[in-house]
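Below is one structure, written out as structure tokens; the observations come after it.
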Amino acid sequence: MAERPEDLNLPNAVITRIIKEALPDGVNVSKEARRAISQAASVFVLYATSCANNFAMKAKRKTLNAGDVLAAMEEMEFERFLEPLREALEVYKKGQKGKKEVSEQKRKDKEKKNDAENKGQEEEEEDERMEDEPEEEEVEN
Amino acid sequence: MSENSPHADAHSAASKGTSLPVSRVKLIMKSSPDVSSINQDALFLTTKATELFVQYLALSSFNGGSGKETHSLSYSDLACTAEQTDTLQFLTDKLADTIMLLTDILPKKIFARDYLKSLEQIQEEKDADD
């Protein structure tokens with residue numbers, strides 16, 4: 001289990017916002033209700049993780065994947081979440097791909113820029129510098 | 001507990017597709033025994049599912065509760081709904097109690113009926129070990 005208990009809480013401000021957006025305008029949500037929902041959300045994460053992990057273990061995998069989480073939702077009888085989750089995942093994956101392309105593009109632009117700057121110099125120097133330039137690798141977390 | 005400014009939240013929500021911080025969700029997931037690693041998509045989905053769950057819990061409790069007349073949502077609305085709804089039963093078992101213990105509980109209140117029950121169980125187990 002985590003060392004510091006408070007870390008298992010989800011941020012109050014975000015939870016409150018999600019609640020407000022889900023309810024009709026102007027509904028007053030008590031502090032205790034908010035806290036209970038926040039705690040319930042933490043329990044939900046744990047429960048979903050445990051469930052998803054069962055599916056991963058059945059498949060002899062050590063890494064939880066998207067399929068495991070979706071299977072967990074079904075197991076937990078939250079089929080209502082499946083469609084919105086799948087759609088959100090699509091958008092997310094496209095976004096990730098876009099980010100990769102953007103950083104690829106940035107790297108290419110940077111190289112182009114360096115080339116243009118070196119243009120004014122001796123060709124010898126330019127060749128040397130280009131050889132010395134280290135390969136830049138994008139590290140994805 | 002440090003909170004992001006609304007502006008920062010909106011920015012990260014837009015780029016990440018979630019409002020809840022993925023890092024915090026990951027922390028909770030990792031506290032589960034036997035979980036070695038979680039891929040990015042799974043992390044995203046769990047975060048998103050949790051948001052959907054918060055919406056679902058809030059709305060079901062509001063619709064099912066007495067607060068509808070008074071235009072409010074109270075703890076007892078939640079407790080009633082949790083008790084009466086099949087999909088919310090997991091909130092009333094031992095795992096739930098553990099998390100609540102760790103995230104600071106509301107002892108007077110009603111997930112507490114089961115909380116007290118499991119306290120007794122824990123005490124019994126302790127006594128059995130002694």
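Details
- The trypsin sites (Lys or Arg not before Pro) of segment A:2-91 that DSSP puts in a loop, and whose beta carbon has at most 12 other beta carbons within 10 Å, are A:LYS60, A:LYS62.
- Surface composition of segment B:20-69: carbon and sulfur make up 48 percent of the accessible area, probe 1.4 Å.
- Segment A:18-112: projected area of the alpha-carbon convex hull, averaged over directions, in nm²: 10.0
- Counting only protein chain heavy atoms and rolling a 1.4 Å probe, the accessible areas of A:ASP109, B:ASP86 rank, largest first, as B:ASP86, A:ASP109.
- FRET E, pair A:LYS112, A:LYS60, Förster distance 45 Å, beta-carbon r, rounded to 0.05: 0.45
- Assigned charges on the beta-carbon of Lys, Arg, Asp, Glu; segment A:1-88 dipole about Cα centre (debye): 260
The values are calculated or read from the model by the stated rules, or taken from the named source; none is laboratory data. Model, not experiment: these values are computed from the prediction. Glycine gets a Cβ as well: all are built from the backbone with ideal geometry, and neighbour counts include every protein chain shown. Protein only, heavy atoms only, side chains kept; ligands, DNA and RNA dropped before computing areas. Shrake-Rupley method; radii C 1.70, N 1.55, O 1.52, S 1.80 Å.
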